[in-house]
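As structure tokens, the structure follows; a few thoughts come after it.
FYI, it's all coordinate maths here, none of it is from the lab. None of the values given here were measured: they were computed from a predicted structure. Don't worry about glycine lacking a Cβ; one is built from the backbone with ideal geometry, like all the others, and counts go over all protein chains shown.
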Amino acid sequence: MNSYLNTVGRIFDIQRFSVHDGPGVRTIVFLKGCVLRCKWCCNPESQNYKIENLISNGKTKTVGKDVTVAEVLAEVERDRVYYRRSGGGLTLSGGESFCQPEFATALLKGAKAKGITTAIETTSCAPIETILKALPFIDHYLMDIKHINPEKHKRFCGKDNYMILENARIIAEKAKDMVIRVPVIPTFNDTPEEIGEIARFAANLPNVKRIHLLPYHRLGKDKYDGLGREYGMGDLPTPDNEKMQILKRVAESFGLECVIGG
Amino acid sequence: MSVYFSEELPKSARISALVDHLFDEMPEVEHERAVLLTESYMQTEGEPIITRRAKAFKRILEALPITIRPLELVVGSNTKKPRSCQVFPEFSFEWLEDEFETMETRSADPFKISDETKKVLHTVYKYWKGKTTSELASSYMSDEAKTAIDHNIFTPGNYFYNGVGHVTVNYADVINNGFESIIARAKTELAKCNQGDADYAEKTAFLSAVIMSCEAVCDYAERYAKLASEMASKETDEQRKKELLTIASNCSRVPRKPARNFFEACQAFWFVQMLLQVESSGHSISPGRFDQYMYPLYKKDIDEGNITREFAQELIDCIWVKLNDLNKIRDAASAEGFAGYSLFQNLIVGGQDEEGIDVTNDLSFMCITASIHVHLPQPSLSVRVWNKTPHDLMLHAAKLTRTGIGLPAYYNDEVIIPSLVNRGLTLQDARDYNIIGCVEPQKSGKTEGWHDAAFFNMCRPLELVFSNGYDMGTLVGVETGDISSFDTYEKFADAYKKQMEYTISLLVNADNAIDMAHAVRCPLPFESSMVEDCIGRGLPLQRGGAIYNFTGPQGFGIANVADALWAIKTLVYDQKKYTLADFKEALDKNFGEPLSPLKVQQIATLVIKELSATGKTCTEGEIAAICRGIKANETDPAKKQFFMQLKNDIEALDKFGNDVPEVDYFAREAAYYYTKPLETFKNPRGGMFQAGLYPVSANVPLGAQTGATPDGRLAGTPVADGVSPAAGRDTHGPTASCNSVSKLDHYIASNGTLFNMKFHPSALEGESGLESFVALVRGYFDQKGSHMQFNVVSRETLLEAQKHPEQYKSLVVRVAGYSALFTTLSKSLQDDIISRTEQKRF
């Protein structure tokens, strides 16, 4: 067996039959650990690298599991027939996959070696060398850009965005297929001006033609309680369709192809 | 390479009006057919039964009230009011008379009945005592088979109480050649009969009956021609007047003579479809490959510029409305099993021709569009899928799926064709298959398939293993020994195999008794005139006139049996954590949960029976005390704790439906306990038995008759439907469910398998939703699954509909092999649908 298949990493979920993160039917592997602490994060259990307990419906669930690349790929293999019919494949998500660069790269490389297409959903908040090492094995690069203003980014995500925006320019040069994804969060970035700034940035990236606007949802709220943490967003409404349509038109005005929901 | 028009054509205002008219009133029982039938039978005592059938049919068609409903283009109704029904006392009547007072208020499929109708039917029914198919079937049946039915091991109720139906006749023959050609063929055969032939009597009587029946149908069409002319002469609206004159012209032409254009073909089709359902009460009269046999005249009209696509679409839509106008009343118990006023008129589009070439055409798309337009449960629309099915057709079908109507169902040519060849069909015939009723494949115009011959509950024989073959003190199965004697899993499994084999033989006995009763008392000359080779052989379908003869009773509860056997194997024999005695006690006590009223009643009956055997009679007060005691199901807390632990341990095991190959292949073996013994049996028409694995909706009422099972299922709760995983137990998403279900042997279940999935509407949103949905169907079929169907509706919507049924009258859900109006289903069936695992992660 190729040794990289024995690489061990930490994941917290594998979700089969996902259709909203990359083309076709995909299996998403969620890697544990993230450098950002976005207040609205719908997967708070993804943020800490350490294995933790989550209480859900009165039952305690252990979140986080150490697995080898080979084990994950065996799970991914199960839905090959659906990838073949839909052009789908493996998607890495998180957390932030590049927090476990060796494991993430080995997963992507392993999938490609088996003829399975790959996608990654990433903040790209990682050293660019790390990302460039994995890039040849990534077919669809879905990159989050949450805000253009570094101050506001820091206030809501725990870290400024200098590295993210800088990396975006480099990755866009080299990625096979890149999409910019924007979570639309009320009180944070849901004004036409703010979305417009992100869209302008995206439109100026080389080779980038598409942007996804992902409306805020509260589905992760209960998990904060289950982890004994506080939900930082309070009681925000989810953006309605009318608002999303307005923002979509803003994004399109920069010549981008825009999809709501990805 | 076919070129097709795949766009969605508009819906005309007429269609909305026709649909509205359908739902103006509650369905009602009408009595004319029963009266005419009985009058005729009284006049023909002593004549050959086939002659009596033909004369009665003729009499009915001469005098049954006819009506053309407002704005109709395709005409012919067997009831005065829409969605009403005639009744069929020749099959059975007692249940109907018993239910006169309750049919209007029952939960599943209620019907109105007027006092006059009650009175008339009451008189008519006096004649039928002792003369029905069900009474004859009953006298043919062995006592053991009757006992097994009484103890709910299986139920052959469908054909026991009603006509058989379940056929696709050769519509093309009538459309292209007219009944005059069928009559001529029968006359030619008749002329060949020699006085000295051994089969002279039966053959001549049959052929004469065919001729009389077909003539009667042609004359019936003439009545419509006349009515339309009269209505035209009084009509003031010029447009409608013109339409009525065309209707008159159509009805005086077809179905006697060949149809000359698409409009006439539609009318010819409808007369056949409707009148088959006047001759017999059998349901699942399936139009089959409508897009194929209607295509030549459609194409001719389009090519010659006689018709617009929009008008052709309107005509198809009109037929769709008519298919929803037909109705039948069933006894209260059957109505639960076939809930939703469904007639299972299965119509299928797409697929390949006899030579293996894809024949998707304009009409394939237009049929799907028609279901989008009328948004009603009939026809049970199906799509044939194979490796060369155009992607456009899949997407158009997926759009219909997305409407949440539960249509279409998807069928896999790549499995069904070889499975039919394996049953003796020629490759050409197998390639030309269509679907009957729910999920049952057959070759149209050549088959008497008896596709829906019984429901067999695979869980019940498992219960018998624990009780040495006894149920409530009566020997129902075979004595396989006390459970203490099963010291290996193989011995336990062997006991289940023996119970299965024995009860399956009883099922065969019951079906064959009913089969004979239909041959003797209700042969059907009209239906037989359109199925090969009845005319050539001079035999009706019921006597083996068809080229292909089958009997297909369906098993259900595979998921429960598989999970149950797996639990026993793992916990008793592999881990030795529990004994069979532990299981038996837990099952008897329903895992410590309260017992259902039915179970209480059963146990009380047993206790009282045992007491009376010892010479003690119980007073009413004592009986009540016994019932109270049982109901409380008093188990000491320690025991209760133990049962809970057992149930938790069972629940922690891997279950069928989660892509665990070991468990899934185990389920494949479990299904063989039903499918393999069955195919060794023969029916009286010279055909074989073949298994189906689907429940219609019987898994709910029959689950109510089933005790707790070793898979942790509680007593009285629904049994798993079809080949689907048990409700709520497939938790790894749709691809995992599909992978599991595809591991069953779908070839051997050649009478069809049924796989239900339920999706939240968000699952199919947008283009990516549709594409992924199609990929899921394709992926399941690549792995040799046979059938798939979908409910696309949110749980919240269903719960709302239960609360406010009046606001959800048109909410259509997929029940089993068919769709039905949700609010017409019984509460328990509604609950079952709500509890089916909802796949959100699309």
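Before moving on, here are some points about what is shown:
- Length-normalised contact order of the stretch A:52-194 in % [C-alpha pairs under 8 Å, at least 6 apart]: 18
- Cross-link partners of B:Lys126 among aspartates and glutamates (Cα-Cα below 13 Å; sequence separation of 8 or more within a chain): B:Glu39, B:Glu90, B:Glu94, B:Glu97
- Near A:Phe188, once Lys and Arg are set to +1 and Asp and Glu to -1 for all other residues with Cβ below 11 Å from its Cβ, the sum equals +2.
- Among the trypsin sites (Lys or Arg not before Pro) within the stretch B:345-451, those in coil by DSSP and having at most 15 neighbouring Cβ atoms inside 10 Å are B:Lys388.
- Annotation: average projected area of the stretch A:3-260 is 13.2 square nanometres, based on the convex hull of Cα atoms across all directions.
- Gaussian network model of chain A, springs between alpha carbon atoms under 10 Å - residue of A:Gly64, A:Gly158, A:Gly88 with greatest fluctuation: A:Gly158
- Note on the stretch A:1-87: Rg/Rh from C-alpha atoms, Kirkwood Rh, equals 1.01.
- Peptide B:774-784 - average C-beta neighbours from other chains (10 Å radius): 5
- Peptide B:721-733 shows a mean partner chain C-beta count of 1 within 10 Å per residue C-beta.
- In range of the label at A:Arg218: residues from the stretch A:156-199 whose backbone nitrogen is under 20 Å from the point 7 Å along Cα→Cβ: A:183-191
- The convex hull of the Cα atoms of the stretch A:183-262, projected and averaged over all directions, covers 5.8 nm².
- Distance from the alpha carbon centroid of the stretch B:731-772 to that of the stretch B:259-296 works out to 31 angstrom.
- By other beta-carbon atoms within 10 Å, ranking B:Thr797, B:Thr168 with the fewest at the front produces B:Thr797, B:Thr168.
- Peptide-level mean, for A:80-89, of C-beta atoms on other protein chains within 10 Å: 6
- Of all DSSP beta bridges in the stretch A:3-260, antiparallel share, percent nearest 5: 35
- Taking the helices alone, the protein assembly as shown has a mean residue ellipticity at 222 nm of -14500 deg cm²/dmol, built from -39,500 (n - 2.57) per DSSP H run of at least 4 residues and averaged over all its residues.
- The largest-to-smallest principal axis extents of the Cα set in chain B are 84, 65, 53 Å.
- Loop GluC sites (Glu not before Pro), the stretch B:262-311, which have at most 15 other Cβ atoms in a 10 Å radius of their Cβ (DSSP): B:Glu304
- The value of relative contact order for chain A, using C-alpha pairs under 8 Å at least six residues apart, is 19 percent.
- ³J(HN,Hα), Karplus 6.51/-1.76/1.60, whole Hz, each residue of the stretch B:30-45, x for Gly, Pro: 10, 10, 4, 4, 4, 5, 5, 4, 5, 4, 5, 4, 5, 7, 10, 3
- By average C-beta atoms within 10 angstrom, highest first, the peptides A:201-208, B:535-542, A:176-183: B:535-542, A:176-183, A:201-208
- Cross-link pairs B:Lys584/B:Lys639; B:Lys599/B:Lys640; B:Lys81/B:Lys257; A:Lys209/A:Lys248; B:Lys80/B:Lys226; B:Lys119/B:Lys146 - those with Cα-Cα distance over 21 Å: B:Lys81/B:Lys257; B:Lys119/B:Lys146
- Compactness relative to 2.2 N^0.38 Å, alpha carbon Rg of the protein assembly as shown: 1.02
- Relative contact order, percent, chain B [alpha-carbon distance under 8 Å, six or more residues apart]: 16
- Most to least packed among B:86-95, B:561-570 [average Cβ atoms within 10 Å]: B:561-570, B:86-95
- Between B:Ala453 and B:Gly552, B:Gln554, the built amide H atoms are under 5 Å apart, and every one of these is 5 or more places off in sequence or on another chain.
- Angle between chain B longest axis and helix B:766-782 axis [Cα atoms, degrees, rounded to 10]: 70
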